[in-house]
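The values are calculated or read from the model by the stated rules, or taken from the named source; none is laboratory data. Note that the coordinates shown come from a computational prediction; the quantities given were computed from them, not determined experimentally. Every residue, glycine as well, gets a Cβ built from its backbone with ideal geometry; the counts of neighbours run over all protein chains shown.
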Amino acid sequence: MPRPAAAFDDLVIGAGMAGLTVAAQLAADGRRVLVLEAHDTAGGYAHTFGVGAYRFCAQVHYIFNCGEGEAVHTLLARLGLAEEVQFHRLDPEGFDHIVVAGERYRVCNGLEKYRDRLIGRFPHDARALRRYFDTVAAIGREMDTLPKPLTWRDYATAPLRFPHLLRYQKWTLQRLYDHLGLPARLQTVLAGQAGDYLLPPAEVSLMLHVALVRGYDRGAYYPKKHFQHLVGSIADFIRAQPGCEIRLNQTVEQIVVERGRVTGVRTADGTVHTAARYVSNVDPARTAELAAGADFPAAYRARLRYPYSSGNITLYLGVAGIDLRDHGFGSWNVWHYPTDDINAIYRRQLVGQDYSDPWLFMSTPTLHTDAPGLCPPGHQILELATSAPYAPWRTLRDTDRRRYNLEKKRVRDRLVQIVEERYVPGLSKHLAIRVMGTPATNERFCNAPAGNAYGVALTPRFVGPQRLPHETPLRNLWLVNATAGYPSVAGTVRAGLELHAQLA
Ligand SMILES: Cc1cc2nc3c(=O)[nH]c(=O)nc-3n(C[C@H](O)[C@H](O)[C@H](O)COP(=O)(O)OP(=O)(O)OC[C@H]3O[C@@H](n4cnc5c(N)ncnc54)[C@H](O)[C@@H]3O)c2cc1C
């Protein structure tokens, strides 16, 4: 019997950054695109939520690859949005400030300049520092020329063309530190942005560290009209194309599979939505669960058994009656480390669930742009984040909501106390609002399995050519997200650009 005509050309499950990127380009190609999103707004981790007069971006604070020719700009230019959605660059003299045991180090744009600054402060370690920055540059140069997808010829010529990628592919950042004999303080400073991959040096892939450091080195950006405007502009573009829709509050509960093809997706209300092609912005392992009827090969199923990156706590604060610029905040983020041993700090939090002296990421979106929209006039926003394990928070929430709320309050008050003692005296008296999210919150509002922050854990085993591809064993289903791609707004947008190129 002939198959009934599908209602849409393409159906995208999930309106995170990767899903929106693919959907918008397919819509621009003139295809009829349906996006089904479980939450009541688009953006995934980049969505914005309101509490009273305040607006907070759920997780994203600053992004890279917004310059001409880079992924985010390329997407916006293709959609005709590059003029409408513009970015401020965070302070090139110090877009990230790393504060270790009270000492502040500013990470500037220009890796050679940053190297020379550090050599000025650590003259005895000049040789090790030079070797660190040389290694980062050499790996980075090869990354820039790495073709995608890799052909057999690329593999055959890799020893000549990509010697550093081959040599360091399985290294952690800690291995490089030990190899170079970098002292503890420099190890902490150079891994100061570790929260951007949520792993300590002992576990993170050196390749991933290099990609992240170089990404922000080329420019750390914040949208002039906030993340809501970036996400909303892309979503509005999709909605404005003929035959295209984004339907919110639509949780896909089943991907219906017949004879190796997807024939529809069933949402929670029982409706089956059909299209010729399907793209899942949902975690790959979760996608496979939704397609329970599919006969995936054992080798593919094995690849779906991966560990997730850790979860996180985020504290969203509305500040009134003080100016955070008087306390070391500005057009930059501040990373706080109480001591030099990042590996131990992470262990303490993730294994010991001890938040008495955590590392902290502090960001001030209202100091990155003058555009209104996030808080009442004269108020400011301060966001704090740190790592946290998923299981204990989820268990507590499921078994004893009262204790869960008490524990949230206890940790929240401790984080505020640390900022008050070390950065903003009297902060707690100036808080008009304080809202805290745990890994269980991430799972609830962003549908992130195990509250994961960055998809699959970014250890050497899961970074590189062994990364999950966009293609699946199902002929008309593709994956695109932080795991089938790379995390971050830039990483997921790039994944969306790559998948669109395959589908076009
Ligand atoms: C604490 C933290 C800080 C971060 N900071 C930054 C930062 O400063 N800069 C940066 O670039 N990146 C940052 N990131 C990472 C970045 O936010 C993510 O890597 C990126 O946004 C992930 O995009 P994604 O396309 O994979 O989708 P996700 O954001 O994971 O979105 C997936 C979407 O699919 C929907 N969905 C899931 N299941 C279903 C279903 N069954 N049916 C329908 N819809 C479904 C979800 O509701 C969600 O909207 C941060 C992340 C965290 C956690």
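Which residue pairs have Cβ atoms closer than 7 Å, lie 6 or more positions apart in sequence or on different chains, and pair a first residue in the range 49-65 that is more than 16 Å from residue 446 (Cα to Cα) with a second residue that is away from the ligand (no atom under 16 Å from the Cβ) and not in a strand (DSSP E or B)?
53/375; 53/376; 54/375; 55/373
Search the range 3-24 for residues being more than 7 Å from the ligand (Cβ to nearest atom) and surrounded by 24 or more Cβ atoms within 10 Å (Cβ to Cβ), and hand back the single one that is farthest from the chain's Cα centre (by Cα).
Start the filter on the range 3-24 by keeping residues that are more than 7 Å from the ligand (Cβ to nearest atom), which leaves 3-12, 20-24.
Filter once more, keeping what is surrounded by 24 or more Cβ atoms within 10 Å (Cβ to Cβ): 10-12, 20-24.
Details: 10: 25, 11: 24, 12: 20, 20: 15, 21: 15, 22: 17, 23: 19, 24: 20 Å.
This residue is 10.
Out of the helices (runs of 4 or more DSSP H) lying entirely within the range 128-220, which hold 1 or more residues that are within 16 Å of the ligand (Cβ to nearest atom)?
Ranges flagged: 206-217.
So which residues in the range 26-54 are farther than 24 Å from residue 373 by Cα and within 14 Å of the ligand (Cβ to nearest atom), if there are any at all? Working first, answer last.
At the first step, the residues of the range 26-54 found to be farther than 24 Å from residue 373 by Cα are 26-38.
Result: 34, 35, 36, 37, 38.
Identify all residues within the range 223-234 that are surrounded by fewer than 24 Cβ atoms within 10 Å (Cβ to Cβ) and not in a helix (DSSP H, G or I); write none if there are none.
224, 225
Got a sec? Which of 258, 253 is closer than 30 Å to residue 51 by Cβ and free of Cβ contacts under 8 Å to residues at least 60 places away in the same chain?
Details: 258 fails: closer than 30 Å to residue 51 by Cβ.
Exactly one of 258, 253 is closer than 30 Å to residue 51 by Cβ and free of Cβ contacts under 8 Å to residues at least 60 places away in the same chain, namely 253.
Any chance you could count how many residues in the range 285-316 are within 13 Å of the ligand (Cβ to nearest atom), within 24 Å of residue 437 (Cβ to Cβ) and either touching a strand residue (DSSP E or B) at 6+ places or on another chain (Cβ under 8 Å) or of a type in the set (Ser, Thr, Tyr) (or both)?
Summing the residues that are within 13 Å of the ligand (Cβ to nearest atom), within 24 Å of residue 437 (Cβ to Cβ) and either touching a strand residue (DSSP E or B) at 6+ places or on another chain (Cβ under 8 Å) or of a type in the set (Ser, Thr, Tyr) (or both) in the range 285-316 gives 9.
How about the range 478-501: which of its residues are in a helix (DSSP H, G or I), more than 7 Å from the ligand (Cβ to nearest atom) and out of contact with any strand residue (DSSP E or B) (no Cβ under 7 Å at 6 or more places or on another chain)?
First, pick out the residues of the range 478-501 that are in a helix (DSSP H, G or I): 489-501.
Subset that is more than 7 Å from the ligand (Cβ to nearest atom): 493-501.
If the condition is that a residue be in a helix (DSSP H, G or I), more than 7 Å from the ligand (Cβ to nearest atom) and out of contact with any strand residue (DSSP E or B) (no Cβ under 7 Å at 6 or more places or on another chain), then 493, 494, 495, 496, 497, 498, 500, 501 are the ones that fit.
What residue, among those in the range 306-326 that are hydroxyl-bearing (Ser, Thr, Tyr) and modelled with pLDDT of 95 or more, is surrounded by the most Cβ atoms within 10 Å (Cβ to Cβ)? If you could, list the steps in order and put the result at the bottom.
Taking the range 306-326 as the starting set, the residues that turn out to be hydroxyl-bearing (Ser, Thr, Tyr) are 306, 308-310, 314, 316.
Narrowing the set further to residues that are modelled with pLDDT of 95 or more leaves 306, 308-309, 314, 316.
Numbers: 306: 17, 308: 20, 309: 25, 314: 23, 316: 21.
Among residues in the range 306-326 that are hydroxyl-bearing (Ser, Thr, Tyr) and modelled with pLDDT of 95 or more, the one surrounded by the most Cβ atoms within 10 Å (Cβ to Cβ) is 309.
Report whether or not residue 122 is within 16 Å of the ligand (Cβ to nearest atom) and in contact (Cβ under 8 Å) with a residue 60 or more places away in the chain. Walk me through it before giving the result.
Details: within 16 Å of the ligand (Cβ to nearest atom): no; in contact (Cβ under 8 Å) with a residue 60 or more places away in the chain: yes.
Considered against the rule, which asks whether it is within 16 Å of the ligand (Cβ to nearest atom) and in contact (Cβ under 8 Å) with a residue 60 or more places away in the chain, residue 122 comes out as no.
Could you say which residue among 403, 467, 475, 434 is of a type in the set (Lys, Arg) and part of a helix (DSSP H, G or I)?
Sole residue among the options that is of a type in the set (Lys, Arg) and part of a helix (DSSP H, G or I): 403.
May I ask you to verify whether residue 484 is farther than 23 Å from residue 381 by Cβ, crowded, with 19+ Cβ neighbours inside 10 Å and either in contact (Cβ under 8 Å) with a residue 12 or more places away in the chain or not β-branched (Val, Ile, Thr) (or both)? Please lay out each step first, then the result.
Values: farther than 23 Å from residue 381 by Cβ: yes; crowded, with 19+ Cβ neighbours inside 10 Å: yes; either in contact (Cβ under 8 Å) with a residue 12 or more places away in the chain or not β-branched (Val, Ile, Thr) (or both): yes.
When the stated conditions are applied, residue 484 passes them.
Looking at residue 451, is it under 20 Å from the mean Cα position of the chain (by Cα), at positive phi and either within 16 Å of the ligand (Cβ to nearest atom) or surrounded by 18 or more Cβ atoms within 10 Å (Cβ to Cβ) (or both)?
Values: under 20 Å from the mean Cα position of the chain (by Cα): yes; at positive phi: yes; either within 16 Å of the ligand (Cβ to nearest atom) or surrounded by 18 or more Cβ atoms within 10 Å (Cβ to Cβ) (or both): yes.
In short, yes.
Any residue at all in the range 417-440 that is away from the ligand (no atom under 12 Å from the Cβ), under 18 Å from the mean Cα position of the chain (by Cα) and closer than 19 Å to residue 397 by Cβ? Step through it out loud before you land on a result.
Within the range 417-440, the subset away from the ligand (no atom under 12 Å from the Cβ) is 417-436, 440.
Of the ones still in play, those that are also under 18 Å from the mean Cα position of the chain (by Cα) are 440.
With closer than 19 Å to residue 397 by Cβ added as a condition, the list becomes 440.
Yes, because at least one residue in the range 417-440 is away from the ligand (no atom under 12 Å from the Cβ), under 18 Å from the mean Cα position of the chain (by Cα) and closer than 19 Å to residue 397 by Cβ.
Scan the range 199-239 for residues that are aliphatic (A, V, I, L, M), over 21 Å from residue 139 (Cα atoms) and out of contact with any helix residue (DSSP H, G or I) (no Cβ under 7 Å at 6 or more places or on another chain) and jot them down.
Residues of the range 199-239 that are aliphatic (A, V, I, L, M), as a first pass: 199, 202, 204, 206-208, 210-213, 220, 230-231, 234-235, 238.
Those still in the list that are over 21 Å from residue 139 (Cα atoms) too: 230-231, 234-235, 238.
Within the range 199-239, just 230 meets the criteria.
Pairs, please: C-beta under 6 Å, at least 6 apart or cross-chain, first residue closer than 14 Å to residue 239 by Cβ and in the range 20-48, second of a type in the set (Gly, Ala, Ser) and surrounded by fewer than 20 Cβ atoms within 10 Å (Cβ to Cβ)?
32/243
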